[in-house]
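See below for the structure under consideration.
The values are calculated or read from the model by the stated rules, or taken from the named source; none is laboratory data. What you see is a predicted model; the values in this text were computed from it and never measured. All Cβ positions, glycine included, derive from the backbone under ideal geometry; neighbour counts span all protein chains shown.
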Amino acid sequence: MKFFPQNLYELSEGDLSKTLIDALYKKLSEIVKVDVAIVGAGPSGLTAAWKLGEKGYKVLVLERMLGVGGGMRGGSMLLPVGLIEDGEAAEIAREAGARINKIRNGLFVVDPSELAVRLASKAIENGAIIWPGVLVEDLITRGRGEDLVVKGVLINWTPIYEAGWHVDPFYIEANAVVDATGHDGSLLRVLAKRHPELKINIPGMSSQNVWIGEEMVVEKTSMVVKGLFVTGMSVAELYNTNRMGAIFGGMLVSGRKVADLIDDYFGKTR
Ligand code: 48H
Ligand code: FE2
């Protein structure tokens with residue numbers, strides 16, 4: 001062998017499978033109980049994962065698709081450009097290592113693919129694990145009504161879900177769960193359906209109004225019920241705040257805010 005170490009010859013494909021199984025056993029054992037499960041690897045979820053990892057929390061990001069970046073990957077109408085605001089948003093993007101180009105007062109242009117992978121890389125560097133191809137289909141809870149506490153999520157492979165099969169799920173226990181599922185608002189919809197006693201109504205986002213949309217998405221980033229937090233566009237879906245189009249600063253600032261809220265929550269519950 002010219003390009004790889006000689007002793008590799010001794011290993012067969014079966015040995016490779018055994019190596020994968022051993023590694024998987026270790027990794028899965030680590031991630032079935034975490035501090036925070038973040039659902040959705042879009043800009044808000046990745047920023048939250050990075051900032052929580054930085055604070056020392058054990059974070060798992062569950063993403064339905066194969067890649068990271070969520071809706072941001074599509075830039076504006078699949079054109080490879082996106083916008084972010086000066087101030088906190090630019091600071092987060094710059095800290096992530098993404099190049100940002102000032103265009104005019106307070107406004108920067110980003111390459112959405114670059115920002116997505118830089119945020120993912122920061123999350124991973126800070127210890128978060130990103131698990132692609134899994135869809136969160138339900139919540140683990142204790143109590144009802146005012147006593148309801150979210151304790152984790154149920155997952156399944158995305159292709160199983162798409163095939164329309166009923167296969168029972170797998171458990172992920174977490175002390176905090178984040179709905180960072182963007183326009184889907186997946187966990188909020190599950191919560192509303194499974195717990196009608198909460199009388200949660202998800203009206204969907206309101207029409208385009210850029211600056212109010214950006215302000216409100218950060219403002220309303222919050223804990224919905226004990227243990228369940230909402231960030232990014234699912235905030236707009238829940239509170240009927242305005243959409244903003246292909247400007248992603250609010251997503252980054254919302255992701256950082258939810259990390260701070262979770263840190264406070266753990267401070268109070270531990
Ligand atoms: C696992 C899931 C599930 C599930 C969904 O859409 P995203 O990019 O979300 P945000 O909020 O971080 O960013 C929103 C932004 O991209 C956007 O669309 C904006 C700013 N729109 C403004 C406008 O006017 O339209 O990422 C969400 C991620 C995606 O990757 C989904 O695949 C994933 O969540 N996801 N993953 N289990 N049940 N549901
Ligand atoms: Fe969107």
List the number of the failed condition for LEU28; all other conditions in (1) under 23 Å from LEU139 (Cβ atoms); (2) within 15 Å of ligand 1 (Cβ to nearest atom) hold. (2)
Yes or no: the stretch 187-205 includes at least one residue that is surrounded by 15 or more Cβ atoms within 10 Å (Cβ to Cβ), at pLDDT 95 or above and acidic (Asp, Glu). no
Cβ-Cβ below 7 Å, separation at least six or inter-chain, first residue in the stretch 224-248 and among the aromatic types (Phe, Trp, Tyr), second within 7 Å of ligand 1 (Cβ to nearest atom): which pairs? PHE248/PRO43; PHE248/MET72
Determine if the stretch 43-53 includes at least one residue that is crowded, with 18+ Cβ neighbours inside 10 Å, among the aromatic types (Phe, Trp, Tyr), in contact with a helix residue (DSSP H, G or I) (Cβ under 6 Å, 6 or more places away or on another chain) and at pLDDT 95 or above. yes
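Yes/no matrix, rows are residues, columns are (1) within 18 Å of VAL218 (Cα to Cα); (2) of a type in the set (Ser, Thr, Tyr); (3) without any contact (Cβ under 8 Å) to a residue 40 or more places away in the chain; (4) within 16 Å of ligand 2 (Cβ to nearest atom):
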| site | (1), (2), (3), (4) |
| --- | --- |
| TYR25 | no, yes, yes, no |
| LYS33 | no, no, no, no |
| GLY40 | yes, no, no, yes |
| SER44 | yes, yes, no, yes |
| TRP50 | yes, no, no, no |
| LYS55 | no, no, no, no |
| LEU62 | no, no, no, no |
| LEU78 | no, no, yes, yes |
| VAL110 | no, no, no, yes |
Kindly establish whether GLY74 is more than 16 Å from the chain's Cα centre (by Cα) and either in contact (Cβ under 8 Å) with a residue 24 or more places away in the chain or surrounded by 20 or more Cβ atoms within 10 Å (Cβ to Cβ) (or both). yes
Unique residue being in a loop (DSSP other than H, G, I, E, B) and in contact (Cβ under 8 Å) with a residue 40 or more places away in the chain when the list is GLY127, GLY152: GLY127
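With respect to GLY213, is the statement that it is closer than 24 Å to ASP111 by Cα, within 14 Å of ligand 2 (Cβ to nearest atom), buried (at least 19 other Cβ atoms within 10 Å of the Cβ) and over 18 Å from the mean Cα position of the chain (by Cα) true?
Numbers: closer than 24 Å to ASP111 by Cα: yes; within 14 Å of ligand 2 (Cβ to nearest atom): yes; buried (at least 19 other Cβ atoms within 10 Å of the Cβ): yes; over 18 Å from the mean Cα position of the chain (by Cα): yes.
Yes.
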Within the stretch 117-143, residues being out of contact with any strand residue (DSSP E or B) (no Cβ under 7 Å at 6 or more places or on another chain) and among the β-branched types (Val, Ile, Thr) number 1
For the subset of the stretch 247-270 comprising residues that are outside any helix (DSSP H, G or I) and within 13 Å of ligand 1 (Cβ to nearest atom), which member is surrounded by the fewest Cβ atoms within 10 Å (Cβ to Cβ)? ILE247
Out of THR19, THR47, I need the residue that is closer than 17 Å to LEU115 by Cα and β-branched (Val, Ile, Thr). Which one? THR47
Which of the residues spanning the stretch 217-246 are within 12 Å of ligand 1 (Cβ to nearest atom), surrounded by fewer than 21 Cβ atoms within 10 Å (Cβ to Cβ) and either not aliphatic (A, V, I, L, M) or not in a loop (DSSP other than H, G, I, E, B) (or both)? ASN242, ARG243, GLY245
Selection status of GLU214, over 24 Å from ALA128 (Cβ atoms), at pLDDT 95 or above, within 13 Å of ligand 1 (Cβ to nearest atom) and acidic (Asp, Glu): yes
Considering residues that are surrounded by fewer than 18 Cβ atoms within 10 Å (Cβ to Cβ) and touching a residue at least 60 places away in the same chain (Cβ under 8 Å), the number found within the stretch 88-108 is 1
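Test ARG118 against the criterion of being under 21 Å from the mean Cα position of the chain (by Cα) and of a type in the set (Lys, Arg), and give yes or no.
Numbers: under 21 Å from the mean Cα position of the chain (by Cα): yes; of a type in the set (Lys, Arg): yes.
Yes; evaluated as a whole, the condition is true for this residue.
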Among the residues of the stretch 173-185, write down those that are within 16 Å of ligand 2 (Cβ to nearest atom) and surrounded by 22 or more Cβ atoms within 10 Å (Cβ to Cβ). ASP179, ALA180, THR181, GLY182, GLY185
